1. Using every Cα-Cα pair within region 214-336, state what percent have a distance larger than 21 Å.
2. If you stretched the chain out fully between residue 213 and residue 266, how much longer would it get, using 0.36 nm times the residue separation minus the C-alpha to C-alpha distance?
3. Provide the gained length on full extension for the span residue 88 to residue 31, in nm with one decimal, where the gain is 0.36 nm per separating residue minus the Cα-Cα distance.
4. What is the calculated FRET efficiency for residue 55 to residue 316, with r their C-beta to C-beta distance and R₀ = 51 Å, to the nearest 0.05?
5. Spin-label point model (7 Å from Cα, Cβ direction): what's the residue 153 to residue 21 distance in nm?
C-alpha cells in the first residue's frame, strides 16, 4: 500500500482531523498556563477579561485547527461541506460569545465603581442605566448571534433572517407568544431612559414595601422589609401606579397616632415630643410637630410627625417616639390614658335604703 493510499481512507482522514483538534486543545492548555503564570497576581480588568475568554479562546483554536486541516485532507465532499459549515457557525458563536463577555465585563466594572447609597441619586441613576443597558444588550447580542447562525442553514434561513430583523429593530413583535417578552424589553429601555425606579429605591408595589434590589432585562426583584423577594415584570412600572419614596429625595416624614383621654396635656406632650426627637439618633432635626387631628365620643386623636433621613430611620424613629411617649404618659399623666365614664342617676338615699337580695332572703326565713 502506497503512502497516498494509506492516508486516503476516510477513517484515517477523520483520525487526522481529530489529531488536529487535540493539538489545538493542547496549545490552548499551554497558552493558558503561561497566562496564569504571568497574571496570577493581578486582579484588574485585563485579568478578569482573560479568565472569561478562556473557553471562547479554546473554541476559536479548534475552529482554526479544523480550518487549516481541511484543505490538507481528502475527505468526501459531503463531510468537507458539513465541517466547513460547522466551522463557520462556530466562528459566529465565538464572535457573539466574546461580545457578551466584553459587554458584561465593561458594564460590570462601571457599575462596581458607582455608589448605591440612597443619598447618591446621580450614582444610582447611572448604575440603573448601566444595569438595564447590560441586560438588554446581552439579549440583543444573543438574538443577533442566533439569527446569523440560523441564516447559514438553508432549511431555516427564512426563520433566521426574521429573527435577525427582530434583533435589529429591537421592538418588532414575533407573534403573540413573544409579545410579553418584547413588551418587558421595551419597558426596560423606557425605565433606563426615564428613571421611574433606580437601584436601592424604596417603593410600595401591590401593597408591599421594600427596596429595588435587582433590575433584570424583563423583571425587577424587590427586597421586602421581611427579606422576602417580590418579582415584578418591568412593564408593571410603566403601566400601573406605584409609590417611590426616594424618587427625588430619601428624606421622609413619619407619623404616629395616640387615642387619649380629653384630659391629655397636649402642650406638655409637644415639649416631650421635641425632647424625645432631639435625643434620638434617627431624627434629622427638621420636622417635629404634634397636633390634635380628631375627636370622638370618649377620646381625642393626637398625631406626631417627625422627619428622618430615609425610610428605615423614619420607621425606627416612629417606634421610638411611640414607645417613649406611652411610657411618659403612664408615669407622669396616667389620667390621660383612655378611660370609659359611666354616669349613675337617681337619689342616692333610695339606692342606699334598698335592701340587698341576701338580706331579704334572711328576713323571709326568720318569718
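Every number in this text was worked out from the coordinates using simple rules, so none of it is lab data. Since the structure is predicted, the reported quantities are computational estimates derived from the model, not experimental observations. Cβ sites come from the backbone with ideal geometry, for glycine too, and all protein chains shown count toward neighbours.
1. Details: 3867 of 7503 pairs.
Taking all Cα-Cα pairs of region 214-336, the fraction more than 21 Å apart is 52 percent.
2. 14.8 nm
3. Computed gain between residue 88 and residue 31 is 18.1 nm.
4. Efficiency computed from Cβ-Cβ geometry: 0.55.
5. 1.9 nm
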